[in-house]
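This report concerns only the one structure given below.
The values are calculated or read from the model by the stated rules, or taken from the named source; none is laboratory data. Given the structure is predicted, the values throughout are model-derived calculations rather than measurements. Note: ideal-geometry Cβ built from the backbone for every residue, glycine included; neighbour counts use all protein chains shown. All accessible areas refer to the heavy atoms of the entire protein, side chains included, with ligands and DNA or RNA removed. Shrake-Rupley method; radii C 1.70, N 1.55, O 1.52, S 1.80 Å.
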Amino acid sequence: MKVWTRDVLREFVRTKLDGFRFIVVSNREPFEHKRVGRRVECSQPASGMASALDPVMRACGGLWIAHGSGDADRQAVDQYDRVAVPPEAPEYTLRRVWLSKDEIEGHYSGLSNQAIWPLCHVAFTRPVFDPAHWRMYRRVNERFAEAVLEEAGNEPTFVFIQDYHFALLPRMLRNARSNLVIAQFWHIPWPNRQVFSSFPWQEEILDGLLGNDLLGFHLPQHCQNFIDTAGALEARVDQAASEVCRGGHSTFVRPFPISIDFDEHSAVAESEAVAAHMRRWREELSLSGKLLGIGIDRLDYTKGIPERLRFLDRFLEMHPGYRGKLVFVQVAVPSRSALPAYREIDKEVDLLAAKINRRWRTPFWKPVILLKRHFPAVEMIALHRLAHFCVVASLHDGMNLVAKEFVASRTDGEGVLILSKFTGASTELKDALQINPFSIEDGADAFDLALNMHPDDRKRRMHKMRETVEENNVYRWAVKFLSALADIEFPEYAGERPAALQVAV
Ligand code: F6P
């Protein structure tokens, strides 16, 4: 087994990307400064993308450009809007871009999260296509293009763009400076061509993405969907090479399933800090003598939170012996709460949890404990370690890193993962109990199986999933992504390209 570590990635970048500036771009920033009373606190937001990219940046160094969303962010930056992070022991630089209320409403809340997000997640929430959002989306992409170009100067630069907030950015950068090396990772699914054809600005968005040299998705299916969709354009598609050529420029489309820093996560899971939080949770949630099921998600309609509560309801109906015994803790981290669809799901989850508790509660027990706030990683890991099972019930999910984090937390080899077959993670974690989250019976049966699984089977499954996540960690993801650039011809850099752009790993 090849061990992919931070040092392996660091060495890879040092030897192969030597001489190149490395700029990551995303909307969500990896560290946010917030006012808490009179103090300013710096914390990591609830974002799978940001928590996956942060260890990569710690290994590579470089500059990360992102929207400064914290209410004390301006206080923390220098005159160039930069701040060294992580604050306790800086390893890379964060440059913040300031967006106005209108820009955030149009770009983030509007086009990104009311149009592209529901369009790409086939979870039956209708996308909103508003021309004013589209204009703001373009403007914010331009604002980030200016920031990237300013930082890149005339140096050889590799720009690594994250996610669906910046579909127009690659083309803008390519038009401004044709010799930039540009790659993008799309962290959410890409739907089939027919679904995508409802997007009114289809041509512009595809053209924007085809400004990339390399475009990554989690799964081969998402790559195929993208290539089929791009076939709608005036572009030459080479299916065998997974390449789309438009206006003489080629974009290679490849799958790279993202992951976590397994070793670091497992080490934290065994720390005294986590043990202390386990004791606290046990007491606070009155877990003594109880069985614990957990779910940890952003409060998002794609995550299947009402669905899993319905599994619990049905399970208690079918298995009276578990009444008074099973506690289900749902952590629901508030997310995108300015949007109507998110306020509705929030209300639905509240009402459903209350209804289930009313139905089954006894004087000393209630089945659902709903915790609606963001917790630091150590507190979540403590919950992972206390749980008899963890439920990931997404209706559609690019990857889902909660599933991988749960597995990495279980250094004791215990715990069962119930996993929606509509997550990217389900293609790797074959030893989870895979479910169709749209079927209440399926979910309720999985609760039963999880609680009654033979200990040998439970351990065997967890062992195999741990091996998978350990081998396929985030450093492997990063090295594979960067290595894929090796296969690409960059005429602009003939003779002076960094080794990574010449030699396949
Ligand atoms: O999954 C897509 C994504 O943008 C992730 O990158 C991130 O984990 C999550 O959504 C968080 O979204 P937001 O930045 O809107 O809070």
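Results, tabulated for the structure shown:
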quantity	calculated
Close pairs (6 angstrom Cβ cut-off, 6 or more residues apart or separate chains): free of Cβ contacts under 8 Å to residues at least 60 places away in the same chain and acidic (D, E) in the stretch 285-308, part of a loop (DSSP other than H, G, I, E, B) and within 15 Å of the ligand (Cβ to nearest atom) anywhere	D300/S335
Residue in the stretch 288-305 that is touching a Cys at 6+ places or on another chain (Cβ under 6 Å) and surrounded by 17 or more Cβ atoms within 10 Å (Cβ to Cβ) present	yes
Check on D431, within 24 Å of the chain's Cα centre (by Cα), acidic (D, E) and part of a loop (DSSP other than H, G, I, E, B)	yes
Selection count where residues are under 20 Å from E470 (Cβ atoms) and not aliphatic (A, V, I, L, M), scope the stretch 386-428	17
Test result for E146, more than 16 Å from the ligand (Cβ to nearest atom), in a loop (DSSP other than H, G, I, E, B) and closer than 25 Å to G248 by Cα	no
Qualifying positions in the stretch 360-381 - exposed (fewer than 13 other Cβ atoms within 10 Å of the Cβ) and either in a helix (DSSP H, G or I) or within 27 Å of the chain's Cα centre (by Cα) (or both)	R373, P376
Test: residue in the stretch 457-464 that is open to solvent by 40 Å² or more (accessible area, probe 1.4 Å), touching a residue at least 40 places away in the same chain (Cβ under 8 Å) and touching a helix residue (DSSP H, G or I) at 6+ places or on another chain (Cβ under 8 Å)	no
Tally of residues being open to solvent by 70 Å² or more (accessible area, probe 1.4 Å), within 16 Å of the ligand (Cβ to nearest atom) and of a type in the set (K, R) across the stretch 307-340	0
Strands (runs of 3 or more DSSP E) fully within the stretch 38-128 counting 2 or more residues that are more than 14 Å from the ligand (Cβ to nearest atom) and more than 27 Å from W201 (Cβ to Cβ)	39-43, 82-85, 92-97
First in the stretch 40-66 and of a type in the set (V, I, T), second anywhere and within 13 Å of the ligand (Cβ to nearest atom), Cβ under 6 Å, 6 or more apart	I65/V25
Candidates L180, L173, L168, L149, filtered to the one that is on the phi < 0 side of the Ramachandran plot and touching a residue at least 40 places away in the same chain (Cβ under 8 Å)	L168
Answer from R343, R385 - the residue that is part of a helix (DSSP H, G or I), more than 16 Å from the ligand (Cβ to nearest atom) and assigned by TED's automatic domain parsing to the domain that holds K430	R385
Condition broken by A241, with the remaining ones in (1) surrounded by fewer than 21 Cβ atoms within 10 Å (Cβ to Cβ); (2) at pLDDT 95 or above satisfied	(2)
Qualifying positions in the stretch 290-300 - in contact with a Leu (Cβ under 8 Å, 6 or more places away or on another chain) and either over 30 Å from S69 (Cα atoms) or within 16 Å of the ligand (Cβ to nearest atom) (or both)	K290, L291, L292, G293, I296
Residue within the stretch 263-281 that is surrounded by 21 or more Cβ atoms within 10 Å (Cβ to Cβ), more than 26 Å from K325 (Cβ to Cβ) and touching a residue at least 60 places away in the same chain (Cβ under 8 Å) present	yes
Unique match (being out of contact with any Phe, Trp or Tyr (no Cβ under 6 Å at 6 or more places or on another chain) and surrounded by fewer than 22 Cβ atoms within 10 Å (Cβ to Cβ)) among V122, V56	V122
Restricting the stretch 253-262 to residues that are in contact with a strand residue (DSSP E or B) (Cβ under 6 Å, 6 or more places away or on another chain) and open to solvent by less than 30 Å² (accessible area, probe 1.4 Å), the residue that is farthest from N179 (Cα to Cα)	F256
Top-ranked residue in the stretch 6-37 [being within 20 Å of the chain's Cα centre (by Cα) and open to solvent by 20 Å² or more (accessible area, probe 1.4 Å); ranked as farthest from the ligand (Cβ to nearest atom)]	R6
Residue in the stretch 407-422 that is open to solvent by 10 Å² or more (accessible area, probe 1.4 Å), assigned to a strand (DSSP E or B) and within 24 Å of R458 (Cα to Cα) present	no
